């Protein structure tokens, strides 16, 4: 997935590789819609593009109507299939950006990847009314069921599945603590900047607003959250490039986050 984070690899922490039958707890997130069977998730469905929203100079959100979407958990992704007029088929995995509370619709946020045949089509050709096919949801390891404190750490388009969690937290007015640390090169490249609120701490690596330090995510950003963890401790979700995932995970562990409570999804 990338902004829709493309082709992610959900990577469990070394001490916590889930079994192939892993299913996330679901008692709290979307009553009545989250128990998605393998059969339902395996069916290709038509998704009709209804809206395009520009997020940054390089990323846009694409909203689809999918009347029979079986539901998902925040943090899951889907498979998208695009078929050309000559019959050529391209498939990609993309993170789901929307909360599961948005019944009958899903949103994907896609970077315009140079040379990317699918992202290129979306950014230069697609318009409302166009149809694609989707299948899912896929993967339960990175899902957040909404029943435990969540510490979300992302960079670039790695914020996409984390935003699904933030939106779900708001939509349900959940009282479990949730915090988001997100890294971007500049304010102009911060995806979802208009939506981010008090739960979010942005970190800018190239350019920042006046009075805000520029630099890589560091212990100073992570340590305060781990110094006074909520009751029961944090469940940490890290999403970004391989390099960022390694760096952020190291910061978390050094600040005291248990290794077996770090979930990692990496791309690129």
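The values are calculated or read from the model by the stated rules, or taken from the named source; none is laboratory data. Computed from a prediction, not measured in an experiment: that's the story for all the values here. Cβ coordinates were reconstructed from backbone atoms using ideal geometry, including for glycine residues, and neighbour counts include every protein chain displayed.
Kindly establish whether residue 116 is farther than 27 Å from residue 189 by Cβ and more than 17 Å from the chain's Cα centre (by Cα).
Answer is no for this residue.
Criterion first (modelled with pLDDT of 95 or more, in contact with a helix residue (DSSP H, G or I) (Cβ under 7 Å, 6 or more places away or on another chain) and surrounded by 17 or more Cβ atoms within 10 Å (Cβ to Cβ)) does residue 106 satisfy it? Give the derivation first.
Working: modelled with pLDDT of 95 or more: yes; in contact with a helix residue (DSSP H, G or I) (Cβ under 7 Å, 6 or more places away or on another chain): no; surrounded by 17 or more Cβ atoms within 10 Å (Cβ to Cβ): yes.
In short, no.
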